[in-house]
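The values are calculated or read from the model by the stated rules, or taken from the named source; none is laboratory data. Just so we're clear, the structure is a prediction, and the values are computed from it rather than from any experiment. All Cβ positions, glycine included, derive from the backbone under ideal geometry; neighbour counts span all protein chains shown.
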Amino acid sequence: MPIIIIGASGIVKDAHLPAYQKAGFNVVAITNRTKEKAEKLAAQFNIPMVYDTVADAVKNAPSNTVYDITIMPDQFIETLHQLPDGSAVLIQKPMGDYFAQSNNILAVCREKKLVAAINCQLRFAPFVSAARWMIDQGLIGELYDMEVRVTVNTPWELFPHVMIHPRLEIQYHSIHHIDLVRSFLGDPKSVMAKTLKHPAKSLSSTRSTILFDYGDTIHAVINTNHDHIFGATHEESFIKWEGTKGAIKATMGLLMDYPNGVPDSFEYCLLEQGKQPQWQKVVLDGSWFPDAFIGTMASLMRYKEGSSNTLPTNVEDVIKTMAVVESAYMSSDAGGVVVAERFM
């Protein structure tokens, strides 16, 4: 299906267009408020048309166009209103900056009957797909522990429109991990969180801990620290799944030495009676960038054309991710039990 891209940010250059080129997708046009940026990407990736406005792009679009919206959330509603009713649209995450805005975006999608998905592409990273297949096959038994840990030095200056956001870390980074946890474990009963600033930086938040409540046997936690300026020796970036019969650990190499990244790794351990646990390594094709971006777009195309009956990151599902994000901020603001008032 033909693709029209609305926006020409760095993520379009680094992930969307390389992914679509690799997959052989047909990008027919691009538009951006600063036309020069769109023209530069069009020349680099052989996109035939550059339009001045969204309205121009829609006016000249083929009937079965997929719209790929890669702008900031405060522009989503205005843009969605300009699309033809019933269109297929892939919207960049997050689905709004605040939950009220997320609900408004959902309402527009419903009103216009858009086939709309959010680009929560970590769900489609090769190491996540491999882990999901193993878990679905029952190879590691009953899943009872899921951990995401990120200890890196993130160059936020590469994202000038994002780094000034008052809800930086969870809203624009840990949202990936929250959505991923939900995709494996479902919706939590509650969430406890704390997100923090760095004392020497003006950024709103750069480190978070998020703990999910799934009852008294499942442990799910996200720990992120984007301020680790102490070299690569003790950097970490991994997802770990533990079950009653085995465990899986995947290294997200992209986040270390970003944007260059380091190689991913995928390991698993299956328990065998009478034998010492042994970890096995598997080499997987592809990585989070750009390959996972093929997955979000392909799943939308297949659902729209009818060759698949599921749309994993549809707006009706991702609104629940946004509810967890909002709950995490509420928990962080409210704080925990004040020890001095209770027990001192």
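Is it the case that some residue within the range 165-174 is under 26 Å from residue 140 (Cβ atoms), in contact with a strand residue (DSSP E or B) (Cβ under 7 Å, 6 or more places away or on another chain) and of a type outside the set (Phe, Trp, Tyr)?
Start the filter on the range 165-174 by keeping residues that are under 26 Å from residue 140 (Cβ atoms), which leaves 174.
This time we only want the ones that are in contact with a strand residue (DSSP E or B) (Cβ under 7 Å, 6 or more places away or on another chain), so: 174.
So of that shortlist, the ones also of a type outside the set (Phe, Trp, Tyr) come out as 174.
Yes: the range 165-174 contains one or more residues that are under 26 Å from residue 140 (Cβ atoms), in contact with a strand residue (DSSP E or B) (Cβ under 7 Å, 6 or more places away or on another chain) and of a type outside the set (Phe, Trp, Tyr).
Yes or no: residue 140 part of a loop (DSSP other than H, G, I, E, B), more than 15 Å from the chain's Cα centre (by Cα) and touching a residue at least 24 places away in the same chain (Cβ under 8 Å)? It would help to see each step written out before you state the result.
Values: part of a loop (DSSP other than H, G, I, E, B): yes; more than 15 Å from the chain's Cα centre (by Cα): yes; touching a residue at least 24 places away in the same chain (Cβ under 8 Å): yes.
Here the answer is yes, as residue 140 does meet what is asked.
Among the listed residues 30, 47, 11, which satisfies the condition of being assigned by TED's automatic domain parsing to the domain that holds residue 90 and closer than 25 Å to residue 260 by Cβ? Spell out how you get there, then give the answer.
Numbers: 30 fails: closer than 25 Å to residue 260 by Cβ; 47 fails: closer than 25 Å to residue 260 by Cβ.
Of the residues listed, the single one that is assigned by TED's automatic domain parsing to the domain that holds residue 90 and closer than 25 Å to residue 260 by Cβ is 11.
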**Fill in**
Residue hits (the range 5-29; outside any helix (DSSP H, G or I) and either closer than 15 Å to residue 294 by Cα or in contact with a Leu (Cβ under 6 Å, 6 or more places away or on another chain) (or both)) are 5, 8, 24, 25, 26, 27
**Fill in**
Residue pairs within 8 Å by beta carbon, gap of at least six or interchain, first lying in the range 71-82 and assigned by TED's automatic domain parsing to the domain that holds residue 165 and part of a helix (DSSP H, G or I), second of a type outside the set (S, T, N, Q) and at pLDDT below 95, listed first then second, are none
**Fill in**
Those residues of the range 38-60 that are farther than 26 Å from residue 102 by Cβ, surrounded by 12 or more Cβ atoms within 10 Å (Cβ to Cβ) and touching a strand residue (DSSP E or B) at 6+ places or on another chain (Cβ under 9 Å) come to a total of 12
**Request:** Taking the options 68, 74, name whichever one is surrounded by 24 or more Cβ atoms within 10 Å (Cβ to Cβ) and of a type outside the set (S, T, N, Q).
**Result:** 68
**Every residue from the range 94-133 that is surrounded by 23 or more Cβ atoms within 10 Å (Cβ to Cβ) and not in a helix (DSSP H, G or I)** = 94, 95, 96, 116, 117, 118, 119, 120, 125
**Complete:** Taking the range 43-65 and keeping residues under 25 Å from the mean Cα position of the chain (by Cα) and either farther than 25 Å from residue 305 by Cα or free of Cβ contacts under 8 Å to residues at least 40 places away in the same chain (or both) leaves 45
**Asked** Going by the structure shown, is residue 251 of a type in the set (S, T, N, Q), farther than 19 Å from residue 125 by Cα and either outside the structural domain of residue 267 (by TED's automatic domain parsing) or modelled with pLDDT of 95 or more (or both)?
**Response** no
**Request:** Can you give me the ranges of the strands (runs of 3 or more DSSP E) entirely in the range 235-328 with at least 1 residues that are β-branched (Val, Ile, Thr) and within 26 Å of residue 11 (Cα to Cα)?
**Result:** 236-243, 246-251
**Request:** Out of 248, 294, 229, report the one residue that is among the β-branched types (Val, Ile, Thr) and within 30 Å of residue 116 (Cα to Cα).
**Result:** 294
**Request:** Find all pairs meeting these conditions: Cβ atoms under 8 angstrom apart; at least six residues apart or on different chains; first residue within the range 263-275 and buried (at least 16 other Cβ atoms within 10 Å of the Cβ); second residue among the hydroxyl-bearing types (Ser, Thr, Tyr).
**Result:** 264/251; 264/287; 265/251; 266/251
**Any chance residue 328 is free of Cβ contacts under 8 Å to residues at least 12 places away in the same chain and out of contact with any Pro (no Cβ under 9 Å at 6 or more places or on another chain)** = no
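Give the residue that is nearest to residue 323 (Cα to Cα), with candidates limited to residues of the range 192-205 that are buried (at least 22 other Cβ atoms within 10 Å of the Cβ) and touching a residue at least 40 places away in the same chain (Cβ under 8 Å).
Filtering the range 192-205 down to residues buried (at least 22 other Cβ atoms within 10 Å of the Cβ) leaves 193, 195, 205.
If we keep only those that are touching a residue at least 40 places away in the same chain (Cβ under 8 Å) too, we end up with 193, 195.
On the way: 193: 13, 195: 16 Å.
My answer is 193.
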**Message:** Given the criteria under 22 Å from residue 11 (Cβ atoms), exposed (fewer than 15 other Cβ atoms within 10 Å of the Cβ) and free of Cβ contacts under 8 Å to residues at least 24 places away in the same chain, does residue 160 qualify?
**Reply:** yes
